[in-house]
Each structure stands twice: as structure tokens, then as C-alpha cells.
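*Asks:* Here it is, the structure in full.
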Amino acid sequence: MKNKAVLPGGHKYFLEAYKGIRFQHGGVGNSDVEKILLEEGYQPIRFPEGRRFWITFKRFQAMNRWLRCIPDGAEIVCQFPVYPRMYRLMMNKLSGRNIRLVILIADIDGLKTGNKEMLEEEIKLLKTAKNFIVHNSNMEAWLRQYIPAANASQLGPFDFLAAPASANRTKSREICFAGNLAKSGFLEHLAGIPGLNFHLYGKGITSDMLSQDNCRYHGIFEPAVMPGIIKGSFGLVWDGESVSGPSGSLGEYMHYIFHHKVSLYILAGMPIIAPVFAGSAEYIRSEGIGWLVRSLEEIPDLVNKITEEEYRLVIERMRPLAAEISTGRHLKNALHDLD
């Protein structure tokens, strides 16, 4: 019997996202994760791309070559959700081998959308692995409902490979919100919050958002430049349709996730205002980098009570955290914690 071919790279690999369906999370997408994995000595598993009918066959051939070449004992990291069908098939085939499959959960689409059928399919795929990198303790507890013996480490804030902003901010009543505006229906009700001005960044702006006198839309920018250009004194973390509390599946989903915009605001040196029920709330509280509210209607009084000295101290606490986020330290630590 011929010896199995072994690829170089220390037997550490990652499933490289297809360029045609790359997804970005608030400016910190899977491309940053892949850069960090390359730094850590992981080799990309890459399939042919294209839209022609024979590409599926080429991908199937490529998958089988990789399955023959990847040695037992290897480690493979994949980002979840896994969209390419061939990658999902490959994960199922690897689950029966002596392979350390590590799933980095970026999102859980079934939870986010409230789609039970989608969630069932996602849980089925998650069960192909035993090792996971999750956002926080809430997500880890959710995962253990379905995979009690999961070996999990917590990522905390997502890494964001961009330069931290150098300029100091001063306290004002200017609030920044950056992200996918289309899924943030609460932004259409900001006119009902007096005494605040909002700076909006991202795709999906609506006419109702633009029509509000206290909102200014700045457009869409490359993620790497965002920390240095976003305006405002506070960075807002919020989701759903209501300014008064969590609503709908997106509002509930906040409990499980670490919003990527948290990392953006840290790099921007912008103190954070977030929900007390957010997955990032404990981190924000423990690191002393922001304030927690139950409703956006609490923000005007909150801003009035924050002193200039309190505001300055929060900015100082953000500086070392920005250095960690901008160098990939969180993912590197999470990978090592699984060992």
C-alpha cells in the first residue's frame, strides 16, 4: 500500500472562504481570521471557484484530494456558518477520522433569524466537531445544550487588524452607530430620543433613518480606515426594531454574541454604550470601557451624569485592549486555550 501523501505546514489547516461569498461582520470579517491563522502556521484548504457547471465536479475532485492528503492527527479550523456545500460535505467526512476539527462560531444564522429549520441544520453540522471557539459564556452555555462534552474556549472581542486611532475624543452628545443598518430597525425611531445626535455608518440606510433631524449618514468605508474616521463620543451597540429593549430574534440574539462593532469602537478609542443583556456586557463592565443601559431612552440622562474625568479614564482603559485586538491576540489565545 502506498504511503499517504502529507502536505507541508505542520498539519494545521483552515477552510478558506470562497471569495464570491466572503462575509464581513461589522468590518471584522473572516479575512482577518484567515490572516491570523496564516501567522499561526495554518495552511489554507482551497477549492476551485467559478460559476460554470463543471466547477462542482472540480471542487469534488479537490475535496477528495485533500481528504487523501490530510494526515490523521491534523487540525482543521473552519469558520461557522459554513456556506459552501462542499465544505459541509468535507466536514461530515472528516468527523469519522482522527482529525481535530475546530469550529470558530462567528454567527448562528438560525438563532439570528429565528428560523428553526435552519437552526436544526446548523446544530447538525456543529455536531461534526468537538472543539469550538465561541464568543462568550452565554454562547458556550447554548452550545452545551446540544454538545455537552464540547471542548470550548471563549474569544471575547473579535480581532480587527487595523491601526488604532491616535486622536483623543472628548465627551459630547454625539453617538456613533456602525454596521448593517438594514437589520437595525430601531434606527428609524431615534427622533424620539431628544438631545442626542447620531452618526450612522454602513450599508442599508433607509429613507426613514435619513429623514430624522438628529441623524447624519456618512456612508460606507473600508474597514481598515473606520477606527480613524468615525465621529462621535460614544459607540452604540444595539439590535432589533425597538429603542426600548430587545425585540424579535435579533434582539434576543444580542444575548449570545459579541458584536464586531465593539472591537471597532475600542480601536477608535470611543467609549461604548451597550445593552445590559448583550453578550459583550460583562466584558464592557469588567474592563470599564463603557456604560450599560436597558433602553436607548436612558442615554440622554446617562450622558449628562458622566463626568469629563470618567470619560477620560474609559479612553485610557481602551488603549491596551486596542493593541490586543489590532494584533490578533484574542484568536491566538483562544486557539492555545483549546490545547
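*Asks:* Can you show me the helix-derived [θ] at 222 nm for the chain, built from DSSP H runs with n ≥ 4 at -39,500 (n - 2.57) apiece and divided by the number of residues, rounded to the nearest 500. Provide the component values of the computation, followed by the final result.
*Replies:* Details: 14 runs with 123 residues, N = 339.
Dividing the helical sum by the residues of the chain leaves -10000 deg cm²/dmol.
*Asks:* Oh, and also: Which FRET efficiency value, to the nearest 0.05, do you get for Ile220 and Glu309 by plugging their Cβ-Cβ distance into 1/(1 + (r/R0)^6) with R0 = 30 Å?
*Replies:* Details: r = 36 Å, r/R0 = 1.19.
With R0 = 30 Å, the Cβ-Cβ based efficiency is 0.25.
*Asks:* So how much accessible area does Glu310 have, in Å² to the nearest 10, using a 1.4 Å probe?
*Replies:* 80 Å²
*Asks:* Just how large is the dipole of the chain about the Cα centre, in debye to the nearest 20, putting +1 at every Lys and Arg Cβ and -1 at every Asp and Glu Cβ?
*Replies:* On the way: 40 positive and 36 negative charges, 369 e Å.
About 1780 debye.
*Asks:* Still on this structure: Quick one: ranking His259, His218 by accessible area, 1.4 Å probe, largest first, what do you get?
*Replies:* Descending order: His218, His259.
*Asks:* Using heavy-atom solvent-accessible surface (probe 1.4 Å) with all chains present, what is the largest-first order of Ser249, Ser244?
*Replies:* Values: Ser249 45, Ser244 65 Å².
Descending order: Ser244, Ser249.
*Asks:* Could you work out which residue, out of Gln212, Gln43, Gln145, moves most in a Gaussian network model of the chain, that is, has the largest mean-square fluctuation with Cα springs under 10 Å?
*Replies:* Top of the fluctuation ranking is Gln145.
*Asks:* Need one value: the accessible area of Cys69 in square angstrom, 1.4 angstrom probe, rounded to the nearest 10.
*Replies:* That residue has around 30 Å² of solvent-accessible surface.
*Asks:* May I pose another question? Could I have the simple spin-label model distance between Ile55 and Lys35, label points 7 Å from Cα toward Cβ, reported in nm to one decimal?
*Replies:* Roughly 2.6 nm, to one decimal.
*Asks:* Here's something else I'd like to know. Could you tell me which of Ser207, Met226, Pro194 has its Cα farthest along the dipole of region 168-231 towards the positive end, charges placed at Cβ (Lys, Arg +1; Asp, Glu -1), taken about the Cα centre?
*Replies:* Among Ser207, Met226, Pro194, the one farthest towards the positive end of the dipole of region 168-231 is Met226.
*Asks:* If you compute Cα extents along the principal axes in Å for the structure shown, which of (1) 76, 38, 37; (2) 63, 46, 35; (3) 122, 50, 42 do you land on?
*Replies:* Answer label, from the structure shown: (1).
*Asks:* Pull up all non-local amide H partners of Cys176: gap of 5 or more, or a different chain, and H-to-H distance under 5 Å with H placed in the peptide plane.
*Replies:* For Cys176, the qualifying residues are His199, Ser233, Phe234, Gly235, Leu236.
*Asks:* Find the accessible area per residue for the chain; the probe is 1.4 Å, ligands and nucleic acids are left out, and the unit is Å².
*Replies:* Numbers: 15550 Å² over 339 residues.
The answer is 46 Å² per residue.
*Asks:* Of Thr113, Thr170, which has the most accessible area with a 1.4 Å probe, and how do the rest follow in descending order? Don't skip to the answer; put the middle values down first.
*Replies:* Numbers: Thr113 80, Thr170 100 Å².
Putting Thr113, Thr170 in descending order of accessible area: Thr170, Thr113.
*Asks:* Put +1 on the Cβ of each Lys and Arg and -1 on the Cβ of each Asp and Glu in the chain; which of Pro81, Phe177, Leu236 then has its Cα farthest toward the positive end of the dipole?
*Replies:* It is Pro81.
*Asks:* Using a simple charge model, +1 on the beta-carbon of Lys and Arg, -1 on the beta-carbon of Asp and Glu, nothing else, what dipole does region 266-339 show about its Cα centre, in debye to the nearest 20?
*Replies:* Working: 8 positive and 12 negative charges, 34 e Å.
Computed about the Cα centre, the dipole is about 160 debye.
*Asks:* Once the Cβ-Cβ distance between Asp213 and Glu298 is put in as r, and R0 is 25 Å, what FRET efficiency do you end up with, to the nearest 0.05?
*Replies:* Values: r = 21 Å, r/R0 = 0.84.
With R0 = 25 Å, the Cβ-Cβ based efficiency is 0.75.
*Asks:* Then there's this: Got a number for carbon plus sulfur as a percent of the chain's accessible area, 1.4 Å probe? List each step's numbers first, then the result.
*Replies:* Working: 7990 of 15550 Å².
It is 51 percent, rounded to a whole number.
*Asks:* In the chain, if the dipole is taken from +1 on Lys/Arg beta carbons and -1 on Asp/Glu beta carbons about the Cα centre, which of Met90, Pro71, Trp142 is farthest to the positive end?
*Replies:* Checking the options against the dipole of the chain, the answer is Pro71.
*Asks:* Where the centre of each part is set by its Cα atoms, how far does region 285-339 sit from region 83-99, in angstrom?
*Replies:* Between the Cα centres of region 285-339 and region 83-99 lies a distance of 37 Å.
*Asks:* Relative to the present Cα-Cα distance, how much length would full extension add between Asp337 and Arg97 at 0.36 nm per residue of separation? All intermediate terms of the calculation are to be shown ahead of the outcome.
*Replies:* Values: separation 240, 0.36 × 240 = 86.40 nm, distance 2.27 nm.
Result: 84.1 nm gained on full extension.
*Asks:* With every protein chain left in place and a probe of 1.4 Å, what is the accessible surface of Arg88, to the nearest 10 Å²?
*Replies:* About 80 Å², rounded to the nearest 10.
*Asks:* Using a 10 Å cut-off on Cβ atoms, rank the peptides 277-284, 321-328 from the highest mean neighbour count down. Intermediate values should be presented prior to the final figure.
*Replies:* Numbers: 277-284: 21.2, 321-328: 18.8.
Averaged packing, sorted descending, gives the order 277-284, 321-328.
*Asks:* List every residue whose amide H lies under 5 Å from the amide H of Tyr83, counting only residues 5 or more places away in sequence or on a different chain, with H placed 1.01 Å from N in the peptide plane.
*Replies:* none
The values are calculated or read from the model by the stated rules, or taken from the named source; none is laboratory data. Remember, it's a predicted structure, so these values are computed and weren't measured experimentally. So basically every Cβ, Gly included, is an ideal-geometry build from the backbone, and we count neighbours across all protein chains shown. Just so you know, the surface numbers come from the protein's heavy atoms only, side chains and all, with ligands and any DNA or RNA stripped out. Shrake-Rupley method; radii C 1.70, N 1.55, O 1.52, S 1.80 Å.
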